[in-house]
1. What is the residue count in region 287-302 for residues that are of a type in the set (A, V, I, L, M) and more than 23 Å from Gly357 (Cβ to Cβ)?
2. Is region 198-211 home to any residue that is farther than 30 Å from Cys414 by Cβ, of a type outside the set (A, V, I, L, M) and in contact with a Leu (Cβ under 9 Å, 6 or more places away or on another chain)?
3. Would you please name the residue that is nearest to Cys180 (Cα to Cα), looking only at residues in region 118-157 that are of a type in the set (Val, Ile, Thr), in a loop (DSSP other than H, G, I, E, B) and open to solvent by less than 10 Å² (accessible area, probe 1.4 Å)?
4. Here are some residues: Tyr133, Tyr157. Which one is among the aromatic types (Phe, Trp, Tyr) and closer than 30 Å to Ala339 by Cβ?
5. Could you run through region 292-328 and say how many residues are touching a residue at least 60 places away in the same chain (Cβ under 8 Å) and within 20 Å of Leu23 (Cα to Cα)?
6. Give the residue that is most open to solvent (accessible area, probe 1.4 Å), with candidates limited to residues of region 315-351 that are β-branched (Val, Ile, Thr), farther than 25 Å from Phe293 by Cβ and assigned to a helix (DSSP H, G or I).
7. For region 167-176, name all the residues that are touching a Ser or Thr at 6+ places or on another chain (Cβ under 9 Å) and either open to solvent by 10 Å² or more (accessible area, probe 1.4 Å) or of a type in the set (Val, Ile, Thr) (or both).
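The values are calculated or read from the model by the stated rules, or taken from the named source; none is laboratory data. The structure displayed is predicted, hence computed values, not measured ones. As a convention, Cβ positions derive from the backbone with ideal geometry for all residues, glycine included, and neighbour counts pool all protein chains shown. Quick note on the areas: whole protein, heavy atoms, side chains included, nothing else; ligands and nucleic acids left out. Shrake-Rupley method; radii C 1.70, N 1.55, O 1.52, S 1.80 Å.
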Amino acid sequence: MAVGFFFFALLLFGMPIAFAIGLAGLTGLIQLDNQRFLLTGVSKLFTGMDSFTFLAMPFFILAGEIMNHIGITNQLMRLAHVMVGHFRGGLAHANMVASVLFSGLTGAATADAAAFGKTLVPEMVRNGYRRDYAAAVTAAGSIIGPTIPPSGLMVVYGSLMGVSIGGLFAAGILPGLMICAVCMAIIALGAARNNLPRAERRATMKELARAIWSAGLALMMPVIILGGILGGIVTPTEAASVAVAYALFVGLVIYRNLTLSDLYQMLLTTARTTGVIFAIIAFASMLGWWMSFERIPQAIAGAVLSISSNPAVIIFLVVLILLAVGMVMDITAILIILAPVLVPLANDIGLQPIHSGIIFVLALNISLMTPPVGACLFVLSSVTGEKLERIAAKLWPFLIAEIGVLFVFAYWECLALLVPRLLGFAN
């Protein structure tokens, strides 16, 4: 209990999450009063990162950085606008469709939020949208990226829990598309109330074909990644490496707008982002080992089961815990600390490992847009200059709809495992 209070006190004082986790874990090891345990705990810093699959994350991040830099993402935005720009609030709808198209490039919600916050939000404001509404739409769509593969969170979960990453990738496709659909429905239903711009003319088939052709190079990225992984041709790490090679080829040979100095800056950005993620993984592994030694996971599982043994109630409680903790803590840290606690509990009530995984990923992705510490909200507030509370006020309809999608996939196993079963990843 003292370790928990110490951890949250560090967070309140503004200490970075990785070091707060590390100091809390170190405090717990010291309390064990055994030098051997202390040495073992420190060794977990390295064993926690000792996974070949984790190499996929920096490659996916770098591939997204390159594709964003060379300007190929503008073609995707143009395609999205041609597809749905004729609806009332066309740019808001295009924002959602673009999030689906972008999912094959970055797989990171904050990256998508930053990219759209710099490009689509100003464009929406120039076309008559309120800035807070435009930022809220962008925040709602930003979690589509890490839900539709590739997803860094799925890579961490699969490596940590020994679950097929290809199966998790397959399971993320339908939820991501459904989130896009329900958010577009919210936009359409609130078009009059939010005074969204009137519909533009519908694009001709010739204009649509031209937009698809222009975006072809970008659309090949998810084909390379997903086709290779789901087809069993390459591992996630190998697919990420191929994605980087493809992005480099497009930038250096086809577009010829990528220089060595640009690449150096992108490598620095990738190193910083990866360093933060791996620091969290390392320190959370040490804290998780201490929690296991103290049998804290068993105590939490016992507390949940003492409330009810009904599978429906347990699923509800697991989702509630993930959403609540996600409001105040980094999602990678939550995954590493709570997955070994809650996943066995979910499996005990009959959930398949991939089903448990998609519940975790969806819940934690949604927490990226929930105040007070939703990462996507902070990114958009910083990029657009809009107050965080104003963005959050416009975000609630989208948040409620996305939580509804989460519960649909949490309770409807047939839907959650439809694509993994079709591709042979689940029984």
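1. Summing the residues that are of a type in the set (A, V, I, L, M) and more than 23 Å from Gly357 (Cβ to Cβ) in region 287-302 gives 1.
2. no
3. Filtering region 118-157 down to residues of a type in the set (Val, Ile, Thr) leaves 119, 121, 125, 137-138, 143-144, 147-148, 155-156.
Subset that is in a loop (DSSP other than H, G, I, E, B): 143-144, 147-148.
Still in the running and open to solvent by less than 10 Å² (accessible area, probe 1.4 Å): 143-144, 147.
On the way: Ile143: 10, Ile144: 7, Thr147: 11 Å.
Looking at residues that are of a type in the set (Val, Ile, Thr), in a loop (DSSP other than H, G, I, E, B) and open to solvent by less than 10 Å² (accessible area, probe 1.4 Å), I get Ile144.
4. Unique residue meeting the criteria: Tyr157.
5. The number of residues fulfilling the criteria is 3.
6. Ile315
7. Correct list: Ile173 only.
This table checks each residue for (1) among the aliphatic types (A, V, I, L, M); (2) under 20 Å from Met57 (Cα atoms).
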| position | (1), (2) |
| --- | --- |
| Arg198 | no, no |
| Thr204 | no, no |
| Ala209 | yes, no |
| Ser214 | no, no |
| Ala218 | yes, yes |
| Val223 | yes, yes |
| Leu226 | yes, yes |
| Ile233 | yes, yes |
| Pro236 | no, yes |
